[in-house]
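FYI, it's all coordinate maths here, none of it is from the lab. None of the values given here were measured: they were computed from a predicted structure. Here Cβ is always computed from backbone atoms with ideal geometry, including for glycine, and neighbour counts include all displayed protein chains.
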Amino acid sequence: MSFGKLVGSIDEGTTSARFMIFRAGTNNVVCYHQIAVPSIYPQEGWVEQDPIIIYDLVVECMEEAVKKLEKLGGSIKVNI
């Protein structure tokens, strides 16, 4: 199946990382993958998040979203 041109988007927030694949020029989401970002509480009133873990989760979201796209019959060619 051809989806036409696609655009990928990273959405990294305080509670989750997500990668979404859209049909270019629309707000139609073809597929996405989302993972919760763990928080670290070193002491009461403090909260931290590990940037390496966030990076790894974003990469995993991208890989999993592409796998979902491929299961739908789509494929990607990266243009940067």
> 222 nm [θ] for the chain, helices only, -39500 (n - 2.57) per DSSP H run of 4+, per residue, to 500?
Replying inline: -9000 deg cm²/dmol
> the chain: longest stretch without exposed trypsin sites (Lys or Arg not before Pro) (DSSP loop, at most 12 other Cβ within 10 Å), sites themselves excluded?
Replying inline: 6-76
>> Pick from 12, 64, 48 the residue whose mean-square fluctuation is largest in a GNM of the chain, springs joining Cα atoms under 10 Å.
In response: 48
> Fully extended, how many nm does the chain gain between residue 77 and residue 43 (0.36 nm per residue separation, minus their Cα-Cα distance)?
Replying inline: 7.7 nm
> Out of residues 5 or more away from residue 31 or on other chains, whose amide H comes under 5 Å of its own, with H placed 1.01 Å from N in the peptide plane?
Replying inline: 21
> Stokes-Einstein at 25 °C, 0.890 mPa s, Kirkwood radius from Cα pairs: D for the chain in µm² s⁻¹?
Replying inline: 178
> Dipole magnitude of segment 6-71 about its Cα centre, charges +1 at Lys/Arg Cβ and -1 at Asp/Glu Cβ only, in debye to the nearest 20?
Replying inline: 480
> For the residue pair residue 64 and residue 52, what label-to-label distance in nm results when each label sits 7 Å from Cα along the Cα-to-beta-carbon direction?
Replying inline: 2.1
